[in-house]
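Here's the structure, in structure tokens; my notes come after.
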């Protein structure tokens, strides 16, 4: 994503530990920032956590996209905040939804980048 000039972040409903987990598996180094609901006091699908991420990134909702694996929490939450949502559905279990869908993270990024 960075090679395409895009920024990447993580928004997680967690207890304040997601940053250390992402550090441990080597993902955090590839992110611009991490928002953990346990640290910011609001969790998905509340639009405020997406708005916090937009503010931190310095962009408008229309310029952003969110990739997540739960329809009601991730896709609907991001959509309600004005972001383009991509739902990860590796097993094809979600069925038709009102958002873009991808079988894996790389496919989702390719869908967004074009």
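Residue pairs whose Cβ atoms lie under 9 Å apart, sitting 6 or more positions apart in sequence or on different chains, and linking a residue in the stretch 34-57 that is in contact (Cβ under 8 Å) with a residue 40 or more places away in the chain to a partner that is part of a helix (DSSP H, G or I) and surrounded by fewer than 17 Cβ atoms within 10 Å (Cβ to Cβ), are 57/63. If you go through the stretch 1-14 and pick out every residue that is more than 16 Å from the chain's Cα centre (by Cα) and at pLDDT 95 or above, you end up with 0. Considering (1) in contact with a strand residue (DSSP E or B) (Cβ under 7 Å, 6 or more places away or on another chain); (2) assigned to a loop (DSSP other than H, G, I, E, B), the lone condition that residue 111 does not fulfil carries the number (2).
The values are calculated or read from the model by the stated rules, or taken from the named source; none is laboratory data. None of these values were measured; they are calculated from a predicted model. Cβ sites come from the backbone with ideal geometry, for glycine too, and all protein chains shown count toward neighbours.
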